Amino acid sequence: MSSQRAAQIAGHLNYPQGLLAGQVAIITGSGQGIGAEAARLFANEGAKVVVSDIDAAKANAVAESISKSGGTAIAVPGDMLDDKYLKTLVKKTVEFGNTINIIVNNAGYTWDGVIHKMTDKQWDNIIALHNTAPFKLVREAAPYFRVTDGQPRCIINISSTSGVHGNAGQANYGLAKAGINGLTKVIAKEWGPKFGVRCNSIAFGHILTRLTAAKEDGAFVTTPDGEKIALGIPTGQGSQSKDANLDIPLRRAGTATEAASAILALASPLSSYITGQVIMVTGGRNM
Ligand SMILES: NC(=O)c1ccc[n+]([C@@H]2O[C@H](COP(=O)([O-])OP(=O)(O)OC[C@H]3O[C@@H](n4cnc5c(N)ncnc54)[C@H](O)[C@@H]3O)[C@@H](O)[C@H]2O)c1
């Protein structure tokens, strides 16, 4: 029997209603990619999932597909850069599930440029999305985390190898993904002792989503003032080069499901003594 299967069986023997039974989880950026997979995996384990994404059509589709397959989910679409939305997100989550047990700060994208060409707007936008918005969401949700009702509570912040090891062309993203790891440790130290809140980061390496797909595919996001930011990596460079995975011991990129499985593992009671950590999910790259 594989160790993965043995762990699954052990998990389900101890948690027959699922690893996250009855827990209320907000997953930002869960309209697609890693977040959408996490939403599905969380719902499979009994969580009540709030699908949060700027793309309303995609958020609604994820919530509907979870509901159709017997899970519990609602979509609360909106822009993480809009302070009013963060208040709405917390309010609607509590109306839906009465509390909040888990926040996964996952929404994000890259807007690369070398240092001498990076604009203030590029810099500010990436830090606002990857640092300020998660902070404001956690602050808004504080009344549901600073409690002593015996329920599990955890926050998972999505980081990147860029924030741990740096990456040329990503001054903004590298800083932001390092910054979120600092916030993780502060939350773990502030809310661990009295409230038992766990907080961890997961730093992903090369995961197969539209962020690492060919730029020529044409995916983009739109900033609050209407500017289109092209997503993906130009063919022949970085994750789109033929040698992209040669420095990864597993010699391949990870799937969104594998990435989301690490989020589930960290949110689950099997990780109940893990807090304040930056977990590298990279196929072994940069160890
Ligand atoms: N794919 C990788 O290789 C990789 C590596 C390291 C870290 N990450 C991180 O993982 C996270 C998820 O990325 P992914 O690869 O699944 O990308 P993705 O583009 O597939 O999904 C990201 C989601 O975030 C949403 N989003 C973006 N801006 C938003 C905003 N302002 N408000 C609300 N939602 C917003 C998008 O609409 C999208 O649905 C990001 O934080 C990313 O930086 C990804």
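Here are some notes:
- Cut-off 12 Å between beta-carbons: net charge of the residues surrounding residue 195, Lys and Arg +1, Asp and Glu -1: +3
- Here's the list of aspartates and glutamates a cross-link from residue 68 could span, going by alpha-carbon distance under 16 Å and ignoring same-chain residues fewer than 8 apart: 37, 45.
- ³J(HN,Hα) computed for each position of the stretch 170-176 - Karplus, 6.51 cos²θ - 1.76 cosθ + 1.60, integer Hz, glycine/proline x: 10, 4, 5, 5, x, 5, 5
- Of 101, 219, 77, farthest towards positive along the dipole that unit charges on Lys, Arg, Asp, Glu beta carbons give the chain: 101
- Only lysine pairs 8 or more places apart, or on different chains, with alpha-carbon atoms under 17 angstrom apart are counted in the stretch 155-287, and they number 4.
- Which of 123, 191 is most accessible, then next, and so on - probe 1.4 Å: 123, 191
- The chain, accessible surface, carbon-and-sulfur percent (1.4 angstrom probe): 54 percent
- Heavy-atom accessible area with a 1.4 Å probe sorts 165, 116, largest first, into 116, 165.
- Working note: Karplus 6.51/-1.76/1.60 with θ = phi - 60° gives the stretch 120-128 the couplings 4, 5, 4, 4, 5, 5, 6, 6, 4 Hz, where Gly and Pro are set to x.
- Annotation: amide H of residue 27 within the under-5 Å range of 50, 52, 104, sequence separation 5 or more or interchain, hydrogens built in the peptide plane.
- In a reduced charge model with +1 at each Lys and Arg Cβ and -1 at each Asp and Glu Cβ, the chain shows a dipole moment near 580 debye about its Cα centre.
- Beta bridges by DSSP in the chain, antiparallel share as percent, to the nearest 5: 10 percent
- Lysines whose Cα lies under 22 Å from that of residue 87, excluding same-chain neighbours fewer than 8 positions away: 48, 58, 136
The values are calculated or read from the model by the stated rules, or taken from the named source; none is laboratory data. Fair warning: this is a prediction, and the values are worked out from it, not measured in the lab. Heads up, the Cβs are rebuilt from the backbone with ideal geometry, glycines too, and the neighbour counts pull from every protein chain shown. Protein only, heavy atoms only, side chains kept; ligands, DNA and RNA dropped before computing areas. Shrake-Rupley method; radii C 1.70, N 1.55, O 1.52, S 1.80 Å.
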